[in-house]
Amino acid sequence: MSAVLSALFALLTAVANATGTVLQRIAARKVPPGDAFSVRLVRHLLRSPAWLGGIAVIVGAAACQALALTLGSLSLVQPILVLELPFTLLIACAVARRRLPAIGWAASVMVAAGLGLGLAAAAPSGGGTEVSAGKWVLTLVASVGAMAACVLAALPRPRGKARAAFFSSASAIGYALTATLMKAATDTFDRHGPGAFFASWQTYAFVAAGACALFLLANAMESGPLVASQPALTLGEALVSLALGIVVYGERVRTGWWLVPAAVGAVMVTWGIVVLPRADTEDADGAEPSAT
């Protein structure tokens, strides 16, 4: 029963994150190019009702994700978040008052079916809650180092697909790290109560990691189209989260011949995620529908 509730809260997280992404993109498209990756970007966004609304929705998504991680494993919860992309395109179409093309519907079904097949085959389970200090240090150093490498690769590039993809990859790693830290913090809350939760360093670390990932996502949205930023974000977060669940918490997935249907599911999800952003609701000049 806990796994079902965990999956349900993960699904709600995907819907809320998708809504927040659309609202953030509406705001980010109005930022002058010269203000990217600066304090001025934050000032622009803080004056945007769309961005503030997106933040409010994302806070709700974080609460749902925390509940999902309390009830289930990182390897179960985080892959479900790939459904954020189909939801993002559906919501963006609704905002733009346009129909999602047939290829968009086909890709959405492919993502959902591939995710179901992959999770059924992998059957993620197990995992502990005790993580050594050395393992935390290694996880933080590797994750932050990978994020820094993506940012350094993005900064010299002009606005476009490559810059957006690098910023999105950095954001994906940040969100995966956030989920990993959040799981530790929510477990502390569940076992020892609010006092221990607020005394835990993981609580403040996941807030910091989430804020950093959000800033990087804003830069990705400002840098280029969804066709570049969203696949890197969606696939990257799922894959890094799966790896961190196994490495940090010792979670298990089925191997042997189960790897065959799991691989088929992964290919289906990847195909759908690559195809879906091509049904983006932006018009030819990259304009975004305005919030009303």
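Quick notes on this structure:
- The residue pairs whose first member lies in segment 128-143 and is closer than 17 Å to Ala213 by Cβ, whose second member is polar (S, T, N, Q) and open to solvent by less than 50 Å² (accessible area, probe 1.4 Å), and whose beta carbons are closer than 9 Å, counting only pairs six or more residues apart or on different chains, are Thr139/Thr180; Ser143/Thr180.
- Taken as a whole, the condition of being of a type in the set (Ser, Thr, Tyr), closer than 14 Å to Leu140 by Cα, crowded, with 20+ Cβ neighbours inside 10 Å and in contact with a helix residue (DSSP H, G or I) (Cβ under 6 Å, 6 or more places away or on another chain) does not apply to Thr188.
- Counted as qualifying within segment 123-225 are the helices (runs of 4 or more DSSP H) with 1 or more residues that are within 29 Å of Leu23 (Cβ to Cβ) and out of contact with any Ser or Thr (no Cβ under 7 Å at 6 or more places or on another chain), namely 133-154, 161-192, 201-223.
- Number of the exception - Gly127 against (1) modelled with pLDDT under 85; (2) of a type outside the set (A, V, I, L, M, F, W, C); (3) out of contact with any Phe, Trp or Tyr (no Cβ under 6 Å at 6 or more places or on another chain): (3)
So that you can scan it fast, the table gives a plain yes or no per residue for (1) within 22 Å of the chain's Cα centre (by Cα); (2) under 24 Å from Ser171 (Cα atoms):
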| site | (1), (2) |
| --- | --- |
| Ser125 | yes, no |
| Ala133 | no, no |
| Thr139 | yes, yes |
| Met147 | yes, yes |
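- Any hit, segment 231-241, residues being open to solvent by 10 Å² or more (accessible area, probe 1.4 Å), outside any helix (DSSP H, G or I) and touching a residue at least 60 places away in the same chain (Cβ under 8 Å): no
- Test: Val253 is touching a Pro at 6+ places or on another chain (Cβ under 7 Å), aliphatic (A, V, I, L, M), in contact (Cβ under 8 Å) with a residue 12 or more places away in the chain and open to solvent by 30 Å² or more (accessible area, probe 1.4 Å): yes
- Subset of segment 252-270 (residues that are within 15 Å of Ile80 (Cβ to Cβ) and modelled with pLDDT under 90): Val253
The values are calculated or read from the model by the stated rules, or taken from the named source; none is laboratory data. The shown structure was predicted, so the numbers you read here are calculated from the model rather than taken from an experiment. Note that we place each Cβ from the backbone using ideal geometry, even for glycine, and neighbour counts take in every protein chain shown. For accessibility, only protein heavy atoms count, side chains too; no ligands or nucleic acids. Shrake-Rupley method; radii C 1.70, N 1.55, O 1.52, S 1.80 Å.
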